[in-house]
Amino acid sequence: ATAQGRIDEIVVTATRRETFLNDTAISVAAIGGEEISRRNLSEMNDYLRTVPGVNFVEIGVGNSAVVVRGIGIDPQVEGGVSSPTTGIYFGEVSLAGLGVSGGSSDLKMIDLERVEVLRGPQGTLFGSGALAGAVRNIPKAPNLNELEGNIKTTYSGTAENGGNNTKLEGVINIPVIEDVLAIRAVAYRHDTSGYINNTAGTVLATNGFVRQGVRAADIVASVGGAELYQNENDVGNVTHTGGRISALWKPSDALSVTLQHVYQDVEQQGQPYVEQGIGDGYEQITLQFGDAEGLAGKKSGHRDEINITNLVLEYDLGWANLLSSSAWLGEDTSGNRDESAFGGLPVPILFEAAADTFSQELRLVSQSDSPFQYAAGVFYEEIEISIPFSRWGATDETVDLLLNIFGLPANPFGDESHKITQDNNDKSIKQLSYYGELSYRFNEQLELTLGARRFDYERSFHSVREGIFGSADQSSKFDESDTNLKANLSYTPNEDALVYAQWAEGFRLGNAVVPPPSAVCDVNNDGIFDGTSVLIRDGFDSDTTENFELGTKLTLLDNRLQVNAAVYRVDWQDIPLLVVGGALPGQAQTCFLGTITNAGEARSQGFEIETTYQLTQSLRASLGGSYTDAELTEDAPSIGGVSGDRLPSSPDYNISVGLQYEFELAGHASYVGGDYAYVSDFYNKLGETGVKTGDYGQLNMSAGIALNNFNVEFFARNLTNNDALTYADTQLLDNRAYQLRPR
């Protein structure tokens, strides 16, 4: 009875070796596979808001971002500038920094062993992109001994303007040769309704405004296109179709070979934003694309297809474990977006991106009884990204008006084309890094870990532009080498307590940029961007974080109460920012162009706490929370920031509480539970300016019963139907924002 009343321990691999969660001397939160299934979690926005110190910024398929400990300046675009500040992994494969905006692919959480959320920079073991932390999705491995499987179907309805949602998932595990060879396959399809209505037709009929100061009827009178304003329901509906197949071959006790292929196709209809001040909420005004050449049949939307092949070889040397991971990742993204926010003209943008990645990692991890333990490895990657996009005038009148505005006698793409400009951008990255961590256990209580990572990379950028904004063919290359360090001291006074102090660095690779022309922005040829103190370069350096952290992990009351807490300070240096030029003293010529350079510094400090209490054998409670104070520590005039300005997308605090009660109903195992998460307010721009978002709570409930081989579950998300804004757009001129999904 005592054992049944204890909290099950979760095994994590955050240190590249298997350890129990409460014996791991870093700040890490973990969600096991059973909890993932029971809470009906399938994507990052289902659970990250309940993790202390983490904020999930949801902007639609392929554009979302994770902000850990407040480290972020503009999550909507900074992935395209460099890469996301938080790394996202599926097994051994990084999913961050690809696609049009440089965001992270959000694979569905089907048949996972666990999810690990590592807070704080993880540069030594996880490299670039783990500037603020990392989210690791660990899939279940094939089972060599049991034929097993399950099929799951889900139906739900979304309130307000939403509709019906369905899910179908299947898993099967086949031991082809017992103890030697097994195959595990996963397949799924999720159809999720939109919950936003496009009221463009109604707005036009009532002589409304496309945006502030721009009347829809005036646009139609001047450039035509009344057919472009139409009502539409179910905006933002998404279909996820995918699966994976993995084979595990274990010819001997020492050797195992795992080959896995993952596929997912996502299609989103429309852009899932709302416009503030329009109707009674859950509404937007988006232009249709009409019947213009090249646009017929197209609607606003987004599509993302990803393929991952991962070959992992592990060999047990006795004194160490040797691992080789080879990964090939291909991602194709395309979409259509309404840009009428820029002046109200019906000008859609068509974009696409193709990314091809290869990575190879070799890792050696000790497993002896020696007081010395180590993890060492080498990592190599190549990434090729192509991003062509075009802007189109959706009517003949629109094209004629734009040509007149820019003083062009004819359309550069031909009189029959509705294309007005086209860009083709190609990016490439090559990176080689060496890393290692060495631990020494002085005695049963005290252990010291030192780590380092040396990285070298080269990035190139090539852009070809043509159209009414002019033509250009520009390219640049940039390379850099640096070293990342770490030190961790842990003290274990007894088997129920752990205290640690850590100093660690993180980094995010710099990038190549096309410098502005000297004839315009360096008229005195001194190598300095006119009107600034910025050197003209072909790129910008990696930005870095330096983390000082104290933490403790306690197991109390005969393992019925667990308390994990940490206090930290993260210094963020060399933040890449856009700097716009100016004029030299006494010079009439002004440089209106911009370049990206390392021009920002910030600091985030705060604390996190997570507790789990098994009150009785049947009742478990959890409570977590965090406080984050993230602000600039020096002026950043290029983005209108001054020292002390609060960083955007960083709530001061979040709180989560959960209860779960297990019981028997008519002899069948049953449960009922719920969790509540509160996210405090934050802004989409520096210094608590722009649009205020956050300040909402989300209540989720679930209940289930096991009937022999069937589980029946009932759930409700956002039970109170909170309609809060979760993020506000920073790029367009209208009032676009993103809203919490209705009940």
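Which order, highest average first, do 118-126, 148-156 follow once you tally other Cβ atoms within 10 Å for each residue and take the mean per peptide? Intermediate results must be reported in sequence, preceding the final value.
On the way: 118-126: 26.4, 148-156: 12.4.
Going from most to least packed, we get 118-126, 148-156.
Students often forget the sequence filter, so: which lysines lie under 21 Å Cα-Cα from Lys427 once same-chain residues fewer than 8 apart are removed?
Cα-Cα hits under 21 Å: Lys477.
If you keep only loop residues by DSSP, which GluC sites (Glu not before Pro) in the range 454-524 have at most 14 other Cβ atoms within 10 Å of their Cβ? Show your work: numbers first, answer last.
Numbers: sites: Glu458, Glu466, Glu480, Glu495, Glu505; in loops: Glu495.
Qualifying residues, ordered by number: Glu495.
Suppose a student asked you for the relative contact order of the range 3-74, using Cα pairs under 8 Å spaced at least 6 residues apart; what percent would you report? Could you put the intermediate results ahead of the total?
Numbers: 54 pairs, mean separation 10.6, N = 72.
Worked out over the range 3-74, it gives 15 percent.
What is the Cα centroid distance between the range 460-511 and the range 2-60, reported in whole angstrom?
Measuring centre to centre over Cα atoms gives 24 Å.
Once you've got the Cα coordinates, tell me which of Lys140/Lys167; Lys486/Lys685; Lys108/Lys553 are over 24 Å apart.
Lys486/Lys685; Lys108/Lys553
Quick check: at a probe of 1.4 Å, how many percent of the accessible area of the chain sits on carbon and sulfur atoms?
Values: 16390 of 31190 Å².
Carbon with sulfur: 53 percent of the solvent-accessible area.
Across the Cα atoms of the range 370-491, what radius of gyration and what greatest pairwise Cα-Cα distance (Dmax) are found, in Å?
26.6, 82
Tell me the mean residue ellipticity at 222 nm calculated for the chain from its helices only (DSSP H runs of n ≥ 4, each -39500 (n - 2.57), averaged over every residue, nearest 500). Walk me through the numbers on the way to the answer.
Values: 7 runs with 42 residues, N = 743.
Result for the chain: -1500 deg cm²/dmol, rounded to the nearest 500.
Got a sec? Charge dipole of the range 352-469, +1 on Cβ for Lys and Arg, -1 for Asp and Glu; which of Ala375, Leu403, Tyr457 is way out at the positive end?
The one lying farthest along the dipole's positive direction is Ala375.
Can you give the accessible area of Ser105 in Å² (nearest 10), computed on protein heavy atoms with a 1.4 Å probe?
Rounded to the nearest 10, that gives 10 Å².
If you roll a 1.4 Å probe over the heavy atoms of the protein chains, what accessible area per residue do you get for the range 68-211, in Å²?
On the way: 4720 Å² over 144 residues.
Per residue, the range 68-211 has 33 Å² of solvent-accessible surface.
Which peptide among 247-255, 159-167 comes first, and what is the full order, when sorted by highest mean count of other Cβ atoms within 10 Å?
On the way: 247-255: 14.3, 159-167: 16.0.
Ranked from most to least packed, the peptides come out as 159-167, 247-255.
List the pair-distance distribution P(r) of the range 469-620, using every Cα-Cα distance, as the percent of pairs falling in each 5 Å bin from 0 up to the bin containing the longest distance, rounded to whole percents.
With a bin width of 5 Å, the distribution comes to 2, 8, 12, 12, 11, 10, 8, 8, 7, 6, 5, 4, 4, 2, 1, 0.
Rounded to the nearest 10 degrees, what's the angle between the helix 396-405 long axis and the longest principal axis of the chain, both from Cα atoms, 0 to 90?
Tilt of helix 396-405: around 80 degrees.
What does the highest-first list of 132-142, 679-689 look like by mean Cβ count within 10 Å? Walk me through the numbers on the way to the answer.
Numbers: 132-142: 22.9, 679-689: 18.8.
Those peptides, ordered most packed to least, come out 132-142, 679-689.
Please report the projected area of the range 151-270's Cα convex hull averaged over all directions, in nm². Can you show the working numbers first?
Numbers: hull surface 47.7 nm².
One quarter of the hull surface, i.e. the mean projection, equals 11.9 nm².
Separation of the range 122-144 and the range 540-588 by C-alpha centroid, Å?
Value for the Cα centre distance between the two parts: 19 Å.
Measure out, as a whole number of angstrom, how far apart the alpha-carbon centroids of the range 431-456 and the range 234-264 sit.
Taking the Cα centre of each part, the range 431-456 and the range 234-264 sit 31 Å apart.
Based only on Cα atoms, what mean projected area does the convex hull of the range 620-743 have, in nm²?
Values: hull surface 40.5 nm².
Mean projected area of the Cα convex hull: 10.1 nm².
Provide the descending list of Cα extents for the range 1-89 along its principal axes, expressed in whole angstroms.
Over the range 1-89, Cα extents along the principal axes are 54, 29, 19 Å.
Which one, Gly687, Gly674, Ile655, projects farthest toward the positive side of the charge dipole computed for the range 647-695 from Cβ point charges (K/R +1, D/E -1)?
Gly687
Along each of the three principal axes of the Cα atoms of the range 212-271, give the extent in whole Å, ordering the values from largest to smallest.
76, 20, 19
Excluding ligands and nucleic acids, what accessible area in Å² is computed for Phe406 using a 1.4 Å probe, to the nearest 10?
About 90 Å², rounded to the nearest 10.
Can you give the alpha-carbon Rg of the chain over 2.2 N^0.38 Å, where N counts its residues?
Numbers: Rg = 26.7 Å, N = 743, 2.2 N^0.38 = 27.1 Å.
The reported ratio for this selection is 0.98.
The values are calculated or read from the model by the stated rules, or taken from the named source; none is laboratory data. Model, not experiment: these values are computed from the prediction. For neighbour counting, all protein chains shown are included, and Cβ atoms are generated from backbone atoms with ideal geometry for every residue, glycine included. Accessible surface areas use protein heavy atoms only, side chains included; no ligands, DNA or RNA. Shrake-Rupley method; radii C 1.70, N 1.55, O 1.52, S 1.80 Å.
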